[in-house]
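Novice: Have a look at the structure that comes next, please.
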Amino acid sequence: RHTLPPKFVGYAQSYRGPHCLGDQDIINGYFAQYPDEVVLLPCEWNVRTDSQCRVKPMIIHGNRGVFNDDRHSWRHVAQAAQGLAWPDPLGVLTATARR
């Protein structure tokens, strides 16, 4: 199990900004305050349905309900992925960010 850095937890607990995007607002506020902690990752780490990334994805971002929408082909991706054994995503992401 992974825990969030104490500095981030403290920021999140004291956050008083807008919450229209939920946790994304807290994350955006944190990195606006601590821009030196941002790590830019290649596009394969956030492939979305409208992504222009043309490499093998490491993470498929199921935003806008695409994994639960019967009309969207990405629902099949989500169904196929259920029950598979997955590596620890934070460990893989951390190793990639260190490269």
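Novice: Determine, yes or no, whether ARG16 is of a type in the set (Lys, Arg) and either at pLDDT below 80 or part of a helix (DSSP H, G or I) (or both).
Specialist: no
Novice: Taking the residues in region 63-96 that are under 23 Å from LEU21 (Cβ atoms), of a type in the set (A, V, I, L, M, F, W, C) and in a helix (DSSP H, G or I) as candidates, determine which candidate is modelled with the lowest pLDDT. Show your work before the answer.
Specialist: First, pick out the residues of region 63-96 that are under 23 Å from LEU21 (Cβ atoms): 63-69, 72, 74, 78, 89-90, 93.
Then drop every residue that is not of a type in the set (A, V, I, L, M, F, W, C), which leaves 66-67, 74, 78, 90, 93.
Still in the list and also in a helix (DSSP H, G or I): 74, 78, 90, 93.
On the way: TRP74: 70, ALA78: 74, LEU90: 67, LEU93: 64.
Looking at residues that are under 23 Å from LEU21 (Cβ atoms), of a type in the set (A, V, I, L, M, F, W, C) and in a helix (DSSP H, G or I), I get LEU93.
Novice: Can you tell me which condition ILE60 does not meet? The list is (1) exposed (fewer than 11 other Cβ atoms within 10 Å of the Cβ); (2) under 30 Å from PRO5 (Cα atoms); (3) modelled with pLDDT under 75, and all the others hold.
Specialist: Every condition holds for ILE60 apart from (1).
Novice: Which condition from (1) touching an Asp or Glu at 6+ places or on another chain (Cβ under 6 Å); (2) free of Cβ contacts under 8 Å to residues at least 12 places away in the same chain is the one that PRO35 breaks?
Specialist: With respect to (1) touching an Asp or Glu at 6+ places or on another chain (Cβ under 6 Å); (2) free of Cβ contacts under 8 Å to residues at least 12 places away in the same chain, PRO35 is out only on (1).
Novice: Which ones in region 21-36 are outside any helix (DSSP H, G or I) and surrounded by 12 or more Cβ atoms within 10 Å (Cβ to Cβ)?
Specialist: If the condition is that a residue be outside any helix (DSSP H, G or I) and surrounded by 12 or more Cβ atoms within 10 Å (Cβ to Cβ), then TYR34 is the only one that fits.
The values are calculated or read from the model by the stated rules, or taken from the named source; none is laboratory data. If you're wondering where the values come from, they're calculated on a predicted model, not measured in any experiment. When we count neighbours, we look across all protein chains shown, and the Cβ atoms used for this are built from the backbone with ideal geometry, even at glycine.
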